[in-house]
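> I am attaching a structure below and will ask some questions about it afterwards.
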Amino acid sequence: MEQIGHFIDGKRVAGTSGRTADVFNPATGEVQAQVALATKAELEAAVANAAAAQPAWAAQNPQKRARVMMKFVDLLNRDMDKLAEKLSSEHGKTFVDAKGDVQRGLEVIEFCVGAPHLLKGEFTDSAGPGIDMYSMRQPLGVVAGITPFNFPAMIPLWKLGPALAAGNAMILKPSERDPSVPLMLAELLTEAGLPDGVLNVVNGDKEAVDAILDNPVIQAVGFVGSTPIAHYIYHRAAETGKRAQCFGGAKNHMIIMPDADLDQAADALVGAGYGAAGERCMAISVAVPVGDETADRLIEKLVPRVEALKVGPWTSGDDIDFGPVVTKAAQENILRLINSGVDQGAKLVVDNRDFSLQGYENGFFVGPHLFDHVTKDMDIYKTEIFGPVLSTVRAKTYEEAIGLAMDHEYGNGTAIFTRDGDTARDFANRINIGMVGINVPIPVPLAYHTFGGWKKSGFGDLNQHGPDAFKFYTRTKTVTSRWPSGIRQGAEFSIPTMK
Ligand code: NAD
């Protein structure tokens, strides 16, 4: 059985805790490896190692750090297939989708090549008589990234790219469900020239996370995962005085107006609802057609598309649309929620509860499901299912539809399908959700913009990647400077003003 340890001081090391978690092949249900779960002492040793490495890394000029990122981009491209294969084998997503996972992270590293520009401060010449004022952005020191299972390449890259390019050292605590790719990323960074200790990957569970939160050396925590854990980490980080940005779960609504191209809308819903088995924080999980006629026509177009979806192991190549979900527990939870939807009165118009794949009977597969006539009080509406289940909530008017999205506790992403610019503009302006698509079902911002949800989808005030990430991983120092020739008076006892 393969044993997966940690990556400390530039090399892989075995865990010493004696505690491990199983890493499954979700397509077969077999345990394919065991990952070490770090103790508090192991985490503290990794932090001490990172703290020793950080000052020299921060002292390198920013162009040299950017060149490590440049080389890293080359290596990610070189090893794209290898990374994607490993990613698919532990996560279960299709090979093409796994490459997308690496690619969307790689694009953030490309953005980080511009770190010297992003780290420039501001300067005011002669802010007062003989006085100059300037600000600089300095790294925080040792920071932490805690990441979820569903994007095991992209989200670690979102965290580590800006943090390292800004001159920090990072402790990355990836998901224990699919830990191999983050370790491969650390190896590639070492090959790209990152000094040992600047990125330490510590595998673990709650014990390691709590050790991060309690560690006085760690200055900031970037977290992505479910809302209860995001809230817990935000709360604990505030208690210990750490900077935190914590991104949580989602329930993304797509509104379909009567004037929308319904073929386009149906295609968009199928891709956004079922891609990656619905295990995306930007998946569309609620379709809101406006008007019964729109709803009837939409369901008519959706049913054959959903029924035609092909589910299978990533090794089937391009023949499948999505793979298994990540664990047996996830599979059971999704099926439990589907049953609750039926029990609470929703109409299950595509029912695959008996889905089974020949040769993969023990895999964690869930067939695609489509609900109609879902209402606000149902568990399938209130809860993030994180599976291949699309719920349709019929709205009578545009106001009712936008109200649904606005009243939901989550606010990660949303979309509207319409040909009417006025409606689209009103929607984009009024909606209380962080990422909005207009005839775009999954509006994930590109690397040079920022990614972040509102309401219970995001705690903290700065987004991920883009310029916000450099603000998050640096702090501003402002210097007011005067040389002796500028000192023309004696002591001053009132606040200096520039009147
Ligand atoms: P999760 O919350 O279970 O785990 C995330 C991280 O927290 C992992 O590293 C895990 O080890 C750690 N963790 C788990 N339980 C913990 C506990 N009790 N105490 C301390 N740490 C703990 O999330 P997941 O299942 O890996 O990922 C899926 C979730 O992530 C979904 O809710 C999804 O919407 C969300 N997500 C959000 C975004 C976003 O940007 N908003 C992006 C991707 C995923």
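The values are calculated or read from the model by the stated rules, or taken from the named source; none is laboratory data. In this text, all values refer to a predicted model and were calculated from it rather than measured experimentally. Cβ: placed from backbone, ideal geometry, glycine included. Neighbour counts: every protein chain shown.
> Condition first: outside the structural domain of V326 (by TED's automatic domain parsing), of a type outside the set (V, I, T) and away from the ligand (no atom under 14 Å from the Cβ). Can you find one or more residues in the range 282-298 that meet it?
The answer is no; no qualifying residue exists.
> Now for a separate question. Can you confirm whether F95 is touching a Ser or Thr at 6+ places or on another chain (Cβ under 9 Å), of a type in the set (F, W, Y) and not assigned by TED's automatic domain parsing to the domain that holds Q331?
yes
> Residues in the range 232-259 that are among the aliphatic types (A, V, I, L, M) and near the ligand (Cβ under 10 Å from one of its atoms): how many?
Residues in the range 232-259 being among the aliphatic types (A, V, I, L, M) and near the ligand (Cβ under 10 Å from one of its atoms): 2 in total.
> Moving on. Restricting the search to the range 457-469, which residues are farther than 15 Å from E110 by Cα, more than 10 Å from the ligand (Cβ to nearest atom) and either in a loop (DSSP other than H, G, I, E, B) or small (G, A, S) (or both)?
Listed by number, the residues that qualify are G460, D461, L462.
> Additional query: Check M136 against each of (1) assigned to a strand (DSSP E or B); (2) crowded, with 24+ Cβ neighbours inside 10 Å; (3) touching a Gly at 6+ places or on another chain (Cβ under 7 Å); (4) not charged (D, E, K, R) and name the one condition it does not meet.
(2)
> OK, next. Determine whether T414 is polar (S, T, N, Q), at pLDDT 95 or above and loosely packed, with under 14 Cβ neighbours inside 10 Å.
Spelling it out, it is not the case that T414 is polar (S, T, N, Q), at pLDDT 95 or above and loosely packed, with under 14 Cβ neighbours inside 10 Å.
> Just give me the residues in the range 205-217 being free of Cβ contacts under 8 Å to residues at least 40 places away in the same chain, in contact with a Ser or Thr (Cβ under 9 Å, 6 or more places away or on another chain) and either within 14 Å of the ligand (Cβ to nearest atom) or outside the structural domain of F472 (by TED's automatic domain parsing) (or both), in sequence order.
L213
> Pairs needed: first member in the range 293-312, closer than 23 Å to T94 by Cα; second member anywhere, in a helix (DSSP H, G or I); C-beta distance under 6 Å; at least 6 residues apart or different chains.
These pairs meet every condition: L302/A266; R305/A266; R305/V270; L309/Y274.
> If you check I380 against the conditions, is it away from the ligand (no atom under 16 Å from the Cβ) and assigned to a helix (DSSP H, G or I)?
no
> Same structure again: Show the residue pairs that are 6+ apart or on different chains and have beta-carbon atoms under 7 Å apart, the first residue being within the range 405-424 and in a loop (DSSP other than H, G, I, E, B), the second being among the charged types (D, E, K, R).
Final answer for the pair search is H408/K251; E409/K455; E409/K456; T418/D259; R419/D259; D420/D259.
> Ok, one more. Is it the case that some residue within the range 50-70 is in contact with an Asp or Glu (Cβ under 6 Å, 6 or more places away or on another chain) and assigned by TED's automatic domain parsing to the domain that holds G204?
Scanning the range 50-70, I find no residue that is in contact with an Asp or Glu (Cβ under 6 Å, 6 or more places away or on another chain) and assigned by TED's automatic domain parsing to the domain that holds G204, so the answer is no.
> Residues that are of a type in the set (K, R), surrounded by 11 or more Cβ atoms within 10 Å (Cβ to Cβ) and closer than 30 Å to P62 by Cβ: does the range 476-489 have at least one?
Checked against the condition, which is being of a type in the set (K, R), surrounded by 11 or more Cβ atoms within 10 Å (Cβ to Cβ) and closer than 30 Å to P62 by Cβ, the range 476-489 yields at least one hit.
> Based on what the data block shows, is M80 within 22 Å of the chain's Cα centre (by Cα) and not charged (D, E, K, R)?
yes
> I would also like to ask the following. Working carefully through the options A163, A153, A144, find the one that is surrounded by 24 or more Cβ atoms within 10 Å (Cβ to Cβ) and under 19 Å from T227 (Cα atoms).
A144 is the lone residue from the list that is surrounded by 24 or more Cβ atoms within 10 Å (Cβ to Cβ) and under 19 Å from T227 (Cα atoms).
> Among the residues of the range 156-178 satisfying the criterion of being more than 15 Å from R104 (Cβ to Cβ) and part of a helix (DSSP H, G or I), which is nearest to the chain's Cα centre (by Cα)?
Once the filter is applied, the top-ranked residue is A163.
> Determine which single condition P324 fails, assuming it passes every other condition in (1) assigned to a helix (DSSP H, G or I); (2) crowded, with 20+ Cβ neighbours inside 10 Å.
Looking at each condition in turn, P324 falls short on (1).
> Just give me the residues in the range 382-416 being touching a Pro at 6+ places or on another chain (Cβ under 8 Å) and more than 27 Å from P228 (Cα to Cα), in sequence order.
Answer for the range 382-416, where residues must be touching a Pro at 6+ places or on another chain (Cβ under 8 Å) and more than 27 Å from P228 (Cα to Cα): R394, A395.
> Determine whether I334 is closer than 23 Å to D296 by Cβ and crowded, with 18+ Cβ neighbours inside 10 Å.
So I334 fails the test.
For every residue, the table says whether it meets (1) in the same structural domain as G312 (by TED's automatic domain parsing); (2) in contact with a strand residue (DSSP E or B) (Cβ under 9 Å, 6 or more places away or on another chain); (3) more than 14 Å from V311 (Cβ to Cβ); (4) of a type in the set (G, A, S).
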{"site": "K347", "(1), (2), (3), (4)": "yes, yes, yes, no"}
{"site": "F365", "(1), (2), (3), (4)": "yes, yes, no, no"}
{"site": "F371", "(1), (2), (3), (4)": "yes, yes, yes, no"}
{"site": "V374", "(1), (2), (3), (4)": "yes, yes, yes, no"}
{"site": "D379", "(1), (2), (3), (4)": "yes, no, yes, no"}
{"site": "E384", "(1), (2), (3), (4)": "yes, yes, yes, no"}
{"site": "L390", "(1), (2), (3), (4)": "yes, yes, yes, no"}
{"site": "K396", "(1), (2), (3), (4)": "yes, yes, yes, no"}
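> Now a separate question. If you go through the range 8-31 one residue at a time, do you hit one that is touching a helix residue (DSSP H, G or I) at 6+ places or on another chain (Cβ under 6 Å), more than 28 Å from I442 (Cα to Cα) and part of a helix (DSSP H, G or I)?
no
> Right, another one. G121 - would you say it is crowded, with 24+ Cβ neighbours inside 10 Å, away from the ligand (no atom under 16 Å from the Cβ) and part of a loop (DSSP other than H, G, I, E, B)?
In short, no.
> Further question: Please verify whether G114 is more than 16 Å from the ligand (Cβ to nearest atom), surrounded by 16 or more Cβ atoms within 10 Å (Cβ to Cβ) and either more than 29 Å from I320 (Cβ to Cβ) or in contact (Cβ under 8 Å) with a residue 24 or more places away in the chain (or both), treating the condition exactly as stated.
For G114, the condition - more than 16 Å from the ligand (Cβ to nearest atom), surrounded by 16 or more Cβ atoms within 10 Å (Cβ to Cβ) and either more than 29 Å from I320 (Cβ to Cβ) or in contact (Cβ under 8 Å) with a residue 24 or more places away in the chain (or both) - is met.
Yes/no per residue for (1) within 14 Å of the ligand (Cβ to nearest atom); (2) surrounded by fewer than 22 Cβ atoms within 10 Å (Cβ to Cβ):
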residue: I171; (1), (2): yes, no
residue: N203; (1), (2): yes, no
residue: Q219; (1), (2): no, yes
residue: S226; (1), (2): yes, yes
